[in-house]
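The values are calculated or read from the model by the stated rules, or taken from the named source; none is laboratory data. It should be emphasised that the depicted structure is a prediction, and the values quoted were computed from it without experimental measurement. With ideal geometry, Cβ positions are generated from the backbone for all residues, glycine too; neighbour counts draw on all protein chains shown.
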Amino acid sequence: MNRWQETEFHDQFYMTMHSPRGANASFALGAKDDGGGFLHDTATIPEQEIFIGVKKGNKITCLPFFKQADSNGEELYDQGAEAKKYENLLLKYDPSVVSRKLGFATDSWTAPGMKLEIATPVDGVPEPGKATAAEIKKAIVPAIPVKLTIDNRDGSETAHGIFGLKDLRGFYSAADRSPSELLGIITADGYGFAMDAAKYEGKVTMVGDFGPKELFSRVRPELYRLAPMGGFIVEVPPGETVTVDFVLGWYDDGFVTRGERTCKNYYTNYFSSINEVFQYAVGITDELWAEARNHDRRLEESDLNEEQQFLLAQAMHCYYASTMLFDDGGRARWVVNEGTYMMMNTFDLSVDHLFYETKYNPWAVKNQLDTYVDEYSYYDTVHSMDDPSISYPGGIAFTHDQGVFNTFSPAGYSAYELTNKDGCLSYMSHEELTNWILSAAVYFHAFGDKEWLERRKGVIADCLYSLLNRDHPDPSQRDGIMDFDSDRCGVSAEITTYDSLDASLGQSRRNLYLAVKCWASYLAIERLLTSVDQPIYAAAVREAKEAAMICAKTIVSYYDEQLGYIPALLDGKDRSAIIPAIEGLVYPDQFGMSEALAYEGEYGFFIHTLKKHFTGVFKPELCQFSDNGWRLSATSINSWMSKIFVCQYVARNILGIDFGDDQIVHDRAHAHWWKVPCHKCPGIDQIFWGYEFGRGFHYPRAITAILWLN
């Protein structure tokens with residue numbers, strides 16, 4: 001049967017990221033026979049073979065996170081090694097005896113005789129410069145706690161637990177620099193693991209070898225530094241259970257960015273070496289575990305169903321894997337990579353991360369808004385596609401991103417956008433303009449930062465007139481919808497964040513999805529400039545309010561009674577059906593204008609029409625896949641998890657649609673996508689329904705699922 005259709009089957013062997021905050025670092029594992037391991041300023045998940053298990057008798061049985069049970073790395077150095085026979089057998093636990101539990105902040109694996117647990121953060125980073133040094137230090141320590149428990153209560157002989165990874169490069173003992181304080185292994189790539197020496201001296205041995213079979217064939221296992229596998233073994237006498245508490249850690253003390261800005265990791269202000277990271281982290285593991293358990297309970301006690309809990313937990317684990325906190329000349333700078341693509345602060349992702357960050361990292365939202373204004377904004381001219389040779393005043397706009405692969409792009413330019421490029425990779429000027437406006441409004445509502453609003457009031461007014469000019473330079477011809485493309489596009493046209501879809505969602509001009517975001521943006525400007533409360537902005541407030549109403553009326557006028565929905569392109573010709581027409585409703589909800597969403601309010605006619613639109617497109621023949629998953633566009637098999645999660649929230653919580661028993665059916669399909677066809681790509685956003693995926697891709701954007709919990 002097609003793996004996409006088997007939604008009742010959920011495999012527990014899916015890859016998950018485990019990451020500290022703001023270090024661009026992670027430890028990935030979970031996919032069967034696929035390895036994983038440490039990421040450190042790297043784009044894709046590595047294929048380090050991971051050996052976590054227990055040796056009893058001559059059998060070494062590990063969780064199935066390695067590929068080959070019979071490989072022998074010693075053959076690279078000793079031609080006679082191939083002929084060697086080892087009395088020990090390297091085995092994998094049968095999947096049927098392994099159980100997994102992924103929580104909001106923890107991930108645990110249980111198999112006969114052993115248990116592995118990893119904890120990761122959920123809360124955000126306190127604002128640098130305002131929080132105490134102790135608070136910042138704890139929040140950004142580049143380390144996460146792990147527990148390995150070996151249960152030998154039913155054993156009649158000594159058992160040995162093992163934690164080891166292959167493909168470690170240039171490793172050495174943590175005790176080389178602090179022999180009385182730490183046991184652990186550190187690699188030349190700036191990562192490793194460590195534990196409290198006083199607690200485990202004589203019980204745990206740091207080891208290096210060619211593999212588990214070779215390791216346990218030695219008379220006395222030792223740390224052999226030439227070999228590719230490093231780890232530790234713990235001796236567990238019969239009748240006993242031993243838990244080893246240790247931490248995984250990362251460190252880079254140099255400049256880690258290039259291009260327009262050269263920055264260091266912010267954690268270097270608090271830790272001068274990886275040993276200091278380890279020494280601090282092993283001292284707070286009890287606190288970290290207590291916090292993680294509390295976050296797990298919060299999710300478990302929520303009203304989310306089991307499938308939603310998984311989706312949110314997996315998304316949460318993926319978000320921090322892409323985060324970076326830099327010291328940029330003495331000031332903190334927050335950057336979120338676009339996952340494996342590694343583009344920095346991609347703005348159409350930032351506006352989705354907003355729902356998490358305004359609750360947990362509000363200062364980071366302000367930080368990104370400010371860097372976009374100060375470094376990655378521009379003023380352009382615009383043109384009509386009817387006559388591209390004539391330019392008209394445009395206004396302020398913002399770049400798609402701030403660089404790629406830790407390299408900041410020149411001020412005013414992104415790494416992504418190209419002139420004269422049709423479709424994907426063209427400019428997103430209008431979309432990014434709305435993203436700045438909406439992010440500003442949500443931030444201000446959440447934080448009430450009057451000082452920031454006063455400082456940026458002029459930018460907000462500029463945003464209004466930029467929106468209006470992109471509608472039409474002649475006020476009498478404005479209908480609230482974008483009609484004019486940026487001259488930066490050259491002979492091509494602007495695109496939306498849905499860059500890899502067809503024109504139903506990918507084209508900016510006359511796009512229904514973007515039109516609703518424009519409506520929300522006008523409301524946002526009205527709210528922001530009203531809060532400024534200065535007479536000079538009274539006219540702008542009126543213009544924003546009028547533009548919002550004009551925009552809403554225009555959108556409603558395109559509702560097609562025969563089709564039962566609003567076509568995706570408001571050009572009088574298109575007939576495409578899309579779900580994300582409702583996406584933009586999330587923003588007034590998040591910046592405190594719930595009155596604009598009321599069925600009996602000023603925009604009731606608009607909200608009623610969008611509800612009719614949704615019920616008109618949300619049908620198996622249009623915007624549902626055959627497995628009951630949500631299909632954002634009826635004309636594309638490409639559906640995005642992050643946007644599905646937003647639209648689910650809007651449909652349920654704003655439009656008041658009750659999906660009844662079908663709700664969990666939809667959620668089960670989406671969980672299945674991540675657990676089975678896409679199980680090697682944690683947090684992957686773009687789902688090409690029906691097509692198998694490769695491995696190693698990860699993405700932070702699905703943290704939009706936090707809306708369900710908030």
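Figures for the structure shown
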item: The range 386-418, subset of a type in the set (A, V, I, L, M) and more than 13 Å from residue 344 (Cα to Cα), residue surrounded by the most Cβ atoms within 10 Å (Cβ to Cβ); result: 397
item: Test: residue in the range 334-349 that is surrounded by 18 or more Cβ atoms within 10 Å (Cβ to Cβ), assigned to a loop (DSSP other than H, G, I, E, B), modelled with pLDDT of 95 or more and more than 20 Å from the chain's Cα centre (by Cα); result: no
item: Residue within the range 408-416 that is within 27 Å of residue 558 (Cα to Cα) and assigned by TED's automatic domain parsing to the domain that holds residue 515 present; result: no
item: Tally, over the range 265-289, of residues that are touching a Gly at 6+ places or on another chain (Cβ under 7 Å) and under 21 Å from residue 129 (Cβ atoms); result: 1
item: Selection count where residues are out of contact with any Asp or Glu (no Cβ under 9 Å at 6 or more places or on another chain), farther than 17 Å from residue 553 by Cβ and in a helix (DSSP H, G or I), scope the range 589-610; result: 3
item: Contacts under 9 angstrom Cβ, first residue in the range 99-113 being in a loop (DSSP other than H, G, I, E, B), partner of a type in the set (Phe, Trp, Tyr) and surrounded by fewer than 22 Cβ atoms within 10 Å (Cβ to Cβ), 6 or more apart; result: 112/93
item: Unique residue being within 25 Å of residue 309 (Cβ to Cβ) and within 24 Å of the chain's Cα centre (by Cα) when the list is 110, 120; result: 120
item: Selection within the range 5-49 - among the aliphatic types (A, V, I, L, M) and crowded, with 22+ Cβ neighbours inside 10 Å; result: 15, 17, 23, 25, 28, 29, 31, 39, 45
item: The range 209-223 residues that are in the same structural domain as residue 170 (by TED's automatic domain parsing) and within 25 Å of residue 64 (Cβ to Cβ), paired with ones that are surrounded by fewer than 20 Cβ atoms within 10 Å (Cβ to Cβ) and among the basic types (Lys, Arg) (beta carbon under 9 Å, 6 or more apart); result: 209/218; 214/84; 217/84
item: Matching residues, the range 611-663, being aliphatic (A, V, I, L, M) and outside any loop (DSSP other than H, G, I, E, B); result: 617, 641, 644, 646, 650, 651, 654
item: Elements of type helices (runs of 4 or more DSSP H) in the range 404-514, at least 2 residues being in contact with a Pro (Cβ under 8 Å, 6 or more places away or on another chain); result: 429-447, 450-471
item: Matching entry among 504, 521 (being buried (at least 24 other Cβ atoms within 10 Å of the Cβ) and either without any contact (Cβ under 8 Å) to a residue 24 or more places away in the chain or in contact with a strand residue (DSSP E or B) (Cβ under 9 Å, 6 or more places away or on another chain) (or both)); result: 504
item: Residue list for the range 675-705, restricted to those being crowded, with 24+ Cβ neighbours inside 10 Å and in a helix (DSSP H, G or I); result: 701, 702, 703, 704, 705
item: Check on residue 532, in contact (Cβ under 8 Å) with a residue 24 or more places away in the chain, β-branched (Val, Ile, Thr) and surrounded by fewer than 24 Cβ atoms within 10 Å (Cβ to Cβ); result: yes
item: Whichever residue in the range 568-584 is among the small types (Gly, Ala, Ser) and not in a loop (DSSP other than H, G, I, E, B) and, among such residues, is surrounded by the most Cβ atoms within 10 Å (Cβ to Cβ); result: 581
item: In the range 580-601, the residues that are among the aliphatic types (A, V, I, L, M) and touching a His at 6+ places or on another chain (Cβ under 9 Å); result: 581, 582, 593
